[in-house]
1. Once neighbouring chains are kept in place and the probe is 1.4 Å, which whole percent of the accessible area of chain A is contributed by carbon and sulfur?
2. Which whole number gives the average, over all residues in B:58-68, of C-beta atoms from other chains lying within 10 Å of the residue C-beta?
3. For segment A:504-552 and segment A:90-121, compute the distance between their C-alpha centroids and round to whole Å.
4. For chain A, find the longest principal axis of its Cα atoms and tell me its angle to the long axis of helix A:409-418, 0 to 90°, nearest 10.
5. For residue A:5, which sequence-distant residues (separation of 5 or more, or a different chain) have an amide H within less than 5 Å of its own amide H, given hydrogens modelled in the peptide plane?
6. I'd like the distance separating the alpha-carbon centroids of segment B:23-75 and segment A:457-482, in whole Å.
7. Measure off 7 Å from each Cα along the Cα-to-Cβ vector at residue A:70 and residue A:302, then give the distance between these two points in nanometres to one decimal.
8. Within 14 Å, Cβ to Cβ, of residue A:274, how many net charges do the neighbouring residues add up to if Lys/Arg are +1 and Asp/Glu are -1?
Amino acid sequence: MAKQIKVSLIGNPNTGKTSVFNLLTGLNQQVGNYPGITVEKKEGVCKLSRGVKAHIMDLPGTYSLNASSLDENVVIELLLNKKGKDYPDVAVVVSDVENLKRNLLLFTQIKDLDIPTILVINMADRMRRKGISLDIPLLEKELKTKIALISARKGEGIDELKKLIESYTSLSKTPCFDALSFAPDYFGRLQKAFPDQSLYKLWLVITQDVNFRKFDKQDMSISSDFKIKSESELKRLQQKETIKRYQFINNVLKKGLTVDEKAATGMRAKLDRVLTHKFWGYFIFLAILLLIFQAIYDWSSYPMDLIDEAFAWLSEVTKTSLPSGPFVDLITEGIIPGLGGIVIFIPQIAFLFLFISILEESGYMSRVVFLMDRVMRRFGLSGKSVVPLVSGTACAIPAVMATRNIENWKERLITILVVPFTTCAARLPVYLIIISLVIPDEKIGWIFGYQSLTLMFLYFLGFGTAVGSAWLLNRILKIKSKSYFVIEMPGYKVPLFKNVAINVIEKTKAFVFGAGKIILAISIILWVLASFGPNENFNNAEETITELYPSLSQEELDNKIASHKLEYSFIGYAGKAIEPVVAPLGYDWKIGIGIISSFAAREVFVGTLATIYSVGSDEEETIKNRMAAEVNQVTGGPLFNLASGISLLLFYAFAMQCMSTLAIVKRETNSWKWPMAQLIFMSIFAYGVALIVYQILK
Amino acid sequence: MKTTIATLKRGQRALIKEITSDIIPLKLLEMGCLPGNEVELLQTAPFQCPMYLNINGSHLAIRKEIAAQIEVQII
């Protein structure tokens, strides 16, 4: 394989860095994680001329090399580790023409790292509207770099950039200026002690050492003489450095950039006046939320029905066209319904991420954070917790990952801990089937049905419990953390279709292959456990039942045999073992199995019941009819009545039944302490509430 | 009473005087909140928090308690 040019894309958030990445790589990209941490790692391949290829890495957005978050730290570790496999041949710093001054701060830092650097000035299409003109040759000279003026929106200037990347060896590696001249005494001593090392890199290692104790120092070991004694001393030095850099940038831009204020038109101010308004701002946000819910629960029902039918059909066709036997049964009763259980969630997840990425791309999300911060803070959360809590209504996994940009650790931890209470998509099938069983299908007045009101109540309950427990955790947790909150309010943009589409595809793929594996594995395990038994009671089911009920019709006989088999299968014995625990909640051993399997993932509940009630096809009506016919052995009444139904709904609303979420919380908090606390607290709480409600309603 | 960003009224412009407090995050400085730079209060959420500012051409929002640590001179 020919050598690829390794390119790192670096830039502030909101500069269109991802658009540039998408333009360079197209769909030729993959998203993974950096080893051990859940910082998204995006890489892709870009074809240059004559068979030369560039391997592009889209590094997390950062405002400077003085990292204050995990995402930003990734950038520094990668750029300092010269021996690392991702160490770039060339750094491409993406900036936004409207925020050039701020964006150049990071650029001057990158230039100090001794890496060939290209400056991309993006959003060139906005220059005229904003009255901006640039003297590119002068800027190139002053900044000692090559500049690619591009418009990612219009796809202009990309070829220019590709050419620059290809000729990276001719790029300058010298710093723009001496940024560390503000403390000659200290830095002079430092350089004398390590004559072979780059001074700026030494300085970065020292500063990161204060903030991230585990920082890998590579081969530089810095003696304690040079350690900065206190955080405030460090900050004073960093402040001086920042001022120094801005002085340089201001001088350069004074010559190279002119803004004609009169030509500038301010869409931003007009939109902000409405969207951050004390009344209309909230009103519009609420309207958008309603639209999202409408899309997730109404619009997505059409593709979901189609998927459901398609899988039922597939199961049927496979069954009739293949010879019968245990292997075919596994495919038709285990694997196909299992796959169907994953694919059915795709429309909802895609809709959610469609909306979230449109809101983020347009710049509106920052306004939501601005509007909600004050309200959320009362509960120990941050304005930035709104995005995770909204995402939580699709799935807690991306929601937990979305907490990463909350700077304050305590607010972030509380958000992570309470997000699993929000009603995720996986709870929906459980809610739907139980509600249709126990809540009368009648209307109050003209519009509102009891059933849809119950569903809405469950959503509010989930959100309310999340916020309530946040308030409680805020009182209990004694974590000292600096309260700071800075959020950039980017200019409004029409979302780029390509960016939105790629984002939706990536996120949906992550769900299908991440959560999907677990769901499929469990469906198969369940099927095996339900299809085999440990003793003769299971194997001789047919003879036993036929002898006992000689007068029954074939259909009734088949049902009796199936349930007899289930009772003596492996899963039947397991269910019987836990029946005493769940009986006080109004459940029998079959529901008990459903709950146990749900601890892997909630969405398997319905599938489990389908398997357990030995319904061949996955059609909901059939499962529902079976469930409605179930009799409680103790009371003699129907098993699913109002009391046990409500108890089950509340159990699912509160219990922590998702291994994937626990795993992601472990990764994000870097300890088993928090996921275990979630599991134990939420399960006990769920059990307690379900118990009380059942005993009262019984 | 000291004049700080927190005491600005909507639409008021001011120059940042001095940043001394340790609680000002470095990130804010890096976004342009440095002595001598101009700041304008664009909008506040209910109860004056957070505050939506234009500092040195950067549009950002910060909480009131941090805004109260940044001394300014109204222009």
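1. Working: 19400 of 31420 Å².
Roughly 62 percent, rounded to a whole number.
2. On the way: counts 9, 11, 8, 13, 5, 10, 1, 3, 4, 0, 0.
That average works out to 6.
3. 57 Å
4. 20 degrees
5. Those qualifying (amide H under 5 Å, at least 5 residues apart or on another chain) are A:53, A:54, A:55.
6. Rounded to whole Å, the Cα centres lie 29 Å apart.
7. Between residue A:70 and residue A:302, the simple spin-label model gives 4.0 nm.
8. Values: positive: A:268, A:270, A:273, A:278, A:367; negative: A:272.
My count for the surroundings of residue A:274 gives +4.
The values are calculated or read from the model by the stated rules, or taken from the named source; none is laboratory data. None of these values were measured; they are calculated from a predicted model. So basically every Cβ, Gly included, is an ideal-geometry build from the backbone, and we count neighbours across all protein chains shown. These area figures cover heavy atoms from the full protein model, side chains too; ligands, DNA and RNA do not enter into them. Shrake-Rupley method; radii C 1.70, N 1.55, O 1.52, S 1.80 Å.
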